[in-house]
Every structure is written in C-alpha cells, then in structure tokens.
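Colleague: My questions all concern the structure below.
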Amino acid sequence: MKRIYFDYAASTPLRSEVEKAMKPYFTKQFGNPSSLHFFGQEGIAAIDRARTVVAKNIGAAFREVIFTGSATEANNFALRGVVRGARGIIARPRIIISAIEHESILETARDLERDGAELIIIPVDSRGVVDVRRLEQALNERTVVVSVMYVNNEIGTVQPIQKIAHAISKFKKGTQYPLFHTDAVQAFNYFECDVNELGVDMMTLSGHKIGGPKGVGALYVKHIESANKKILTPILTGGGQEFGLRSGTENVPGIVGFAEAVVRAAMERQKERARLLSIKKYFWKEMKRMFPDASIYGMDEKHFGDASPHIVNISLRNMPLDDLIVRLDVMGISASSGSACASRAATHSHVLLALFENASRGVRFSFGRGTTRAEMTEAIKRIHRAFTA
C-alpha cells in the first residue's frame, strides 16, 4: 500500500534541485566560511550568493537577511533581541501577539513576561482572524514589538498583515518602536512575501517548509546597518557571524539549499496556490459527504479563497482524535492533530481554543507540491472504506 502524506505543514520533502545544489558543500567545498584560506572563501562566497537570492525574493537588502538554525530560533531572536535591546530605554517593555501564534512565539513571549516584560495577547474571531481594532487599542509608548503570524500553521487563516502594519506605522509616527514582526513560515509557498509591500520590520522563514532542508531558517530585519543594529541585541554570542547578530559557524549546505528552495517556491507560487485550492475544495466536499456532521476550524468553505490553500483542520464529532489519527495511519494516510511542535502533548490546541472556548482538537490535513488529484481520490476511497463501510 502506497503511503499518502497529508502533513506538509509539518515538513516538506527535500526537492531534488535543492539536494543537487547542497551536495558539493558536504564533501568538496566543506570549508569553514570564517576561515581566510581558499576553502573558507568558497564557503562565505556560497553564503553571500544565497543571501543575495533570498534578499531579492523578499524585497530586502543584502545585510537585512540573517540566517539562523531554524524558524524557532528566528522567532526567539525577533522577540528576545528587541526586548533586550529596549531594556534601559523603556521601563517594562510591552509585547503584543495574537492568540494563535506558533509555540515558538507564544512560549518565548511568556518567558519574557516572566522576566519582567508585559505581554498582551490579542483575540481572534471564530474564523481565526486577529482583531485589528483591539490591537490598535493595545499599542502604547512602552510597546516594543508586535508579532502576528502571516498564515496560521493549524487552521490556515491568513492575517491582514498590511492593515496591521499600517496601524502600527500610524502609531509610531517616525519613532523606532514598536517593531512589527511576522512569522511567514507557512505563507511563503503560496503568498507574496515582499517585506516592503507587507510593511513589516522583521519576518521569519523556514527551509523545510518550502522544500528545503531542516536546520536552517532566516530572519529579515529592516535597516540592519542603521537604527535596528542598536535595538536588536544578539541572543547568541561568540564569533560574531551574520554581521555580529548571530554567532556560530554557518550551515553552508543548509543555507545554499534554503536559497534554492526559495527560488523554486517563488517561481511556482501562483500555480501551486490555485492547484491546491482546487484539491482542498474537492477533499472537503467529499469529507462532508461522508461525514455530514463534520466541520472546519477557521475558514469554512465559503471563505476558502481567503485562507491558505494547503491547510484544512476538520472536527469529526463523536470520534476520539487520537483514534482517528491512528486509523488514518493504518490506512496509509499521514495527517496530524495540529502543530508538529506540540502534537505529542495531550493538551488541547491553544489555537482552536482561541476560536471556540470548548473546542476539542481537530485533525489537520495539509497538502503540498507532491499532492495530486489522483492521490486525493485514493485517500478518499480509503477513508470511505474504513469509516463508512
């Protein structure tokens, strides 16, 4: 039985083009990019080319792209770096996030709150859209950073990033605070991520969500050479790599692969978005036919065009979630109960609870470049045989 993978929001397979681009840097061009000799120069040149590629594809300057070991590290850097930079300038810095942020934002913000910062969590509506008016009301002179994710990893909701950016810019009136950060990890494959169009000061990306390798991410930081160098304090110290902001020997093969994945994802973005939206609609139509009591968390079928095309989170009443995940896996279908970073926890999803107070955990089906209509048809047949026969 051929296995069917419906967990692309957790991780994506490495693209063949990415693997090819990375391969020389594991063997022949293995030098430490901080070394001054020939082998080191090969490494730093590869990083420079990759940084140029990533910067071009998000509308950034060369020195505004900082490579990290993961999106989690980039999110930590965005929050911790700003709050640390603000200490001594602003008494009890305020952090504002949405109620449905990824754990790497939510738990980092809570940790900073325990360390003396003030944390404001903005609610979302029943479709998972942040209340921009409440966010505006929460802004004050002590607010140093606002973080709202572009596309939610559990329900696929797309946030009004430009509208939020406008509200923050209007409040700032030319001052440096607050900075606006967005986690765009789930967005890059399917939505434009030009930082100038979005109006963000910081943006997080991840390699393994876009057909690249695990163990590499990036943080865009606006105007790294001027004001923000003073207000974004490193959280990793050492050799001063990444313009003094992220110490540690760079993962050259990972960075090269990440840049190749960025290029490929950007080239295919519009076509893949339309293709997967069609597949998602077909999948939901068939699931609803088999399970009339099924419902979608977040964007329903009337708003599919407003959500990401690759994620659908379904509640099947009167069916224990863990049993459902196991039964799907037995049928050769790999889905999940939400965020891969928290899927082994027995607690309910904070994202779903933000939508509905008594929400249970849902089953997340997420699709990607390898998902085909034929594969979807086969999956539906297997589900029908197992659950409705």
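Just so you know, all these numbers are worked out from the coordinates, no wet-lab data involved. Bear in mind that the values here come from a model prediction, so they are computed numbers and not experimental data. Cβ: placed from backbone, ideal geometry, glycine included. Neighbour counts: every protein chain shown.
Colleague: When the Karplus curve 6.51 cos²θ - 1.76 cosθ + 1.60 is applied with θ = phi - 60°, which whole-Hz ³J(HN,Hα) does each residue of the range 35-47 get, with x for Gly and Pro?
Modeller: 6, 8, 7, 3, 5, x, 5, 4, x, 5, 5, 5, 5
Colleague: Here is a follow-up. Quote the relative contact order of the range 16-262 in percent (integer), defining contacts as alpha-carbon pairs under 8 Å separated by 6+ residues.
Modeller: Rounded, it is 28 percent for the range 16-262.
Colleague: Give me the Å³ per residue figure for the convex hull around the C-alpha atoms of the chain.
Modeller: Once divided by residue count, the hull of the chain is 137 Å³.
Colleague: Out of I333, I95, I255, any idea which swings most in a Gaussian network model of the chain, alpha carbons joined below 10 Å?
Modeller: Comparing I333, I95, I255 in a Gaussian network model of the chain, the most mobile one is I333.
Colleague: In debye, nearest 20, what is the charge dipole magnitude of the chain about its Cα centre with +1 on Lys and Arg Cβ and -1 on Asp and Glu Cβ, if you could check?
Modeller: Roughly 560 debye for the chain.
Colleague: Give the Rg (one decimal place) followed by the Dmax (whole number) of the range 1-106, computed from C-alpha coordinates and expressed in Å.
Modeller: 19.0, 61
Colleague: For the range 171-294, what is the charge dipole size about the Cα centre, in debye to the nearest 20, if Lys and Arg each add +1 at the Cβ and Asp and Glu each add -1 at the Cβ?
Modeller: The dipole of the range 171-294 has a size of about 460 debye.
Colleague: Positive end of the dipole of the chain, charges at C-beta (+1 Lys, Arg; -1 Asp, Glu), about the Cα centre: which of L179, A138, V216 has its Cα farthest in that direction?
Modeller: Of L179, A138, V216, it is V216.
Colleague: Next question. So which lysines can K173 reach, going by Cα to Cα under 30 Å and dropping same-chain residues fewer than 8 places off?
Modeller: Qualifying lysines at Cα under 30 Å: K56, K163, K222, K229, K230.
Colleague: Here's another thing I want to ask about it. What is the sum of charges, Lys and Arg at +1 and Asp and Glu at -1, for the other residues whose Cβ falls under 11 Å from the Cβ of E192?
Modeller: 0
Colleague: Return the long-range amide H neighbours of S147 (sequence gap of 5 or more, or a different chain), with a cut-off of under 5 Å between placed amide H atoms.
Modeller: Residues meeting the amide H criterion: I96, I97, S98, H181.
Colleague: Hey, fewest Cβ within 10 Å first, where do H348, H223 land in order?
Modeller: H223, H348
Colleague: Mind checking which lysines have their Cα closer than 20 Å to the Cα of K214? Skip sequence neighbours fewer than 8 apart in that chain.
Modeller: Result set, ordered by chain and number: K20, K23.
Colleague: Residue-wise, which Karplus ³J(HN,Hα) couplings in Hz belong to the range 164-181, taking 6.51 cos²θ - 1.76 cosθ + 1.60, θ = phi - 60°, and x for glycine or proline?
Modeller: Values, residue by residue: 5, 4, 5, 5, 5, 4, 5, 5, 5, 6, x, 7, 7, 10, x, 8, 10, 10 Hz.
Colleague: In whole Hz, with x marking every Gly and Pro, tabulate ³J(HN,Hα) for the range 189-203 from phi via Karplus 6.51 cos²θ - 1.76 cosθ + 1.60, θ = phi - 60°.
Modeller: 4, 10, 9, 4, 10, 6, 5, 6, 5, 6, x, 8, 9, 9, 8
Colleague: Counting other beta carbons within 10 Å of each residue's own, what order do V158, V65 fall into, fewest first?
Modeller: Least to most surrounded, the residues fall as V158, V65.
Colleague: Cut-off under 19 Å on the C-alpha distance; same-chain residues fewer than 8 positions from K280 excluded. Which lysines are left, in chain and number order?
Modeller: Cross-link targets: K209, K271, K288, K302, K381.
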